[in-house]
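Q: Structure in structure tokens, see below.
The values are calculated or read from the model by the stated rules, or taken from the named source; none is laboratory data. Everything quoted here is computed from the prediction, not taken from an experiment. Cβ atoms come from the backbone with ideal geometry, glycine included; neighbour counts cover every protein chain shown. Please note that ligands, DNA and RNA were not included when accessible areas were found on the heavy atoms of the full protein model with its side chains. Shrake-Rupley method; radii C 1.70, N 1.55, O 1.52, S 1.80 Å.
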Amino acid sequence: MQRIFNALVQFRNPILYFVLLGTSLLFLNNRSNFHQSQLHNYSLYFSQSLYGVSHRISNYFQLKKINDQLLQENRALKELELKSNGIALYPTALKTKRRFPFQVKAAHVIKNSFLNQQNYLIIDKGAKDGIEEEMAVITDRGIIGIVKTVSEHYASVISILNQDLKINVRLKKNPAFGTLSWKGKNPIDFQVEDIVMNAGLEKGDTLITGGMSSYFPLGIPLGKITDFERNIQSGYYTISTELFEDPSQVYYVYVIENLEVKEINVLNKELPK
Amino acid sequence: MNRDTLALYSIFLLLVLLQVMLFNNLYLFGFINPMVYLFFIVVYRFENDQTLFILLSFLLGFAIDFLSQSGGAHTIATLTIAFLRPIIIRSAFGVTSEIPSSFQNDSRILSKTAFLALLIGVHHLIYYSIVFFNWNAFYLILKNTLLTSVFSLILIALVSSLYKKLNDS
């Protein structure tokens, strides 16, 4: 106590000075509108700078959360986009209400192989998140594969970088169907077979999913035609294509669930082989 | 209350009245109002109590502000200059403020002028900085500070020589 008192006595002049200075600043603030607004401006400037710094810092730590939010938002938008893909191809479809039995879930890729001939991915969503076998996996710019096996929290996916996987595709400008498969070398070089020769096509035409499988909805853009060959004897084109999305470099994917796949499978079984 | 203290308070009152009634209405060249009340900061004896001095300077500035309807610039400038006076004395005379040597008895004219110029310059700089209170008015602040300082310096030097003569006689 004595020491505090001594310090107060020792520094009485600076203390007195600053107290009086504060008082006169208060007077200044109260008596002059100009100074009041100027002080207000300066304090606003300082508080804004401080706020800006803290905002940037807190923003940085929220990035992950924001990322997840964006992913969820993208998921919802992806569902709408998939729905609208089909509408654009059939303008009359707007007049009649069509069912769209697909639902989208977001997931992260945690393992992705692309150097083998049969490649697989593992994603961080599993049975607990509603992932089931044979669901389709896509990204924002193309398709990735089909779910093969599901554990509680994870699922393995047959990559389209797998020569066993054949995807039903069509041209965007006319409904000629074909089958997309990997050539087995470069991860974006694919080939399309079984497109009939009477369908006119050019280099640069866009390929989209055909909607003839229960996995993928109609109209997901996949890639562009880089080269094609007329095969006179068989009557089909052999087309080289380049994908929009490099399947070896994906991180965020969407899993598409077809809500009516069981119905389709029942009908499929009844078909004569 | 001894004679010195009485003289000090009389000077205080006289300076306030002079400043408010005469010098604040001078407007030399349209804008220069010399601040003669700073003579109080000069005349307060170096060896007297510094705490009382700060308080009196605050009251002086406040009185000027109050009577000339200004915001608070005189108060802040005068208060600050009173607080800084020991430093200014040291840099002008090269002695500590505790050594009893009043400005009136010091014969070195250069030190006296340096002390006055520093005191007035710093005071005016603070005063005009607060009056304009804007970075963009930097040159205006400097111009006002320099020109007003010159006239304040002349007037305060005159007043102090007059005071010395009165004291001696």
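Q: Output the number of residues of the range A:219-236 satisfying the condition of being surrounded by 18 or more Cβ atoms within 10 Å (Cβ to Cβ) and assigned to a loop (DSSP other than H, G, I, E, B).
A: Result for the range A:219-236: 2.
Q: Which residue, of A:SER214, A:SER240, is of a type in the set (S, T, N, Q), over 13 Å from A:ARG170 (Cα atoms), in the same structural domain as A:VAL137 (by TED's automatic domain parsing) and part of a strand (DSSP E or B)? First the steps, then the outcome.
A: On the way: A:SER214 fails: part of a strand (DSSP E or B).
On inspection, the qualifying residue turns out to be A:SER240.
Q: Mind checking whether some residue in the range A:170-183 is basic (Lys, Arg) and buried (at least 18 other Cβ atoms within 10 Å of the Cβ)? Before the answer, list the steps.
A: Going residue by residue through the range A:170-183, those that are basic (Lys, Arg) are A:170, A:172-173, A:183.
When the remaining residues are screened for being buried (at least 18 other Cβ atoms within 10 Å of the Cβ), the result is A:170.
Checked against the condition, which is being basic (Lys, Arg) and buried (at least 18 other Cβ atoms within 10 Å of the Cβ), the range A:170-183 yields at least one hit.
Q: Looking at the range B:76-98, which of the residues that are part of a helix (DSSP H, G or I) and open to solvent by 20 Å² or more (accessible area, probe 1.4 Å) is farthest from the other protein chains (Cβ to nearest Cβ)?
A: The initial filter retains those residues of the range B:76-98 that are part of a helix (DSSP H, G or I), namely B:76-93.
Okay, now just the ones that are also open to solvent by 20 Å² or more (accessible area, probe 1.4 Å), so B:83-84, B:86-87, B:90-91.
Working: B:PHE83: 4, B:LEU84: 9, B:PRO86: 9, B:ILE87: 12, B:ARG90: 15, B:SER91: 18 Å.
Across the range B:76-98, the extreme among qualifying residues is B:SER91.
Q: Check A:TYR154 against each of (1) under 30 Å from A:ILE195 (Cα atoms); (2) open to solvent by 60 Å² or more (accessible area, probe 1.4 Å); (3) of a type outside the set (A, V, I, L, M, F, W, C) and name the one condition it does not meet.
A: A:TYR154 satisfies all of (1) under 30 Å from A:ILE195 (Cα atoms); (2) open to solvent by 60 Å² or more (accessible area, probe 1.4 Å); (3) of a type outside the set (A, V, I, L, M, F, W, C) except (1).
Q: Restricting to the range B:52-75, and then to whatever is part of a loop (DSSP other than H, G, I, E, B) and within 11 Å of chain A (Cβ to nearest Cβ), can you tell me which residue is surrounded by the most Cβ atoms within 10 Å (Cβ to Cβ)?
A: Applying the first criterion (part of a loop (DSSP other than H, G, I, E, B)) to the range B:52-75 yields B:68-72.
Still in the running and within 11 Å of chain A (Cβ to nearest Cβ): B:69-72.
Details: B:GLN69: 9, B:SER70: 19, B:GLY71: 22, B:GLY72: 24.
Once the filter is applied, the top-ranked residue is B:GLY72.
Q: Let me ask something else. Restricting to the range B:45-72, what's the tally of residues that are at pLDDT below 85 and either in contact with a Cys (Cβ under 6 Å, 6 or more places away or on another chain) or among the hydroxyl-bearing types (Ser, Thr, Tyr) (or both)?
A: Looking only at that region, the number is 2.
Q: Here's something else I'd like to know. Taking the range B:29-51, which residues are closer than 21 Å to B:ASP65 by Cβ and either open to solvent by 60 Å² or more (accessible area, probe 1.4 Å) or among the β-branched types (Val, Ile, Thr) (or both)? Break it down stepwise before answering.
A: Initially, the range B:29-51 is screened for residues closer than 21 Å to B:ASP65 by Cβ, giving B:31-44.
B:PHE31, B:ILE32, B:VAL36, B:ILE41, B:VAL42, B:VAL43, listed by residue number.
Q: Which pairs do you get when a residue that is without any contact (Cβ under 8 Å) to a residue 24 or more places away in the chain, found in the range A:128-140, comes within reach of a residue that is part of a strand (DSSP E or B) and open to solvent by less than 100 Å² (accessible area, probe 1.4 Å), reach meaning Cβ atoms under 7 angstrom, with the pair 6+ apart or on two chains?
A: So the pair list comes out as A:GLU133/A:VAL147; A:GLU133/A:LYS148; A:GLU133/A:THR149; A:GLU133/A:VAL150.
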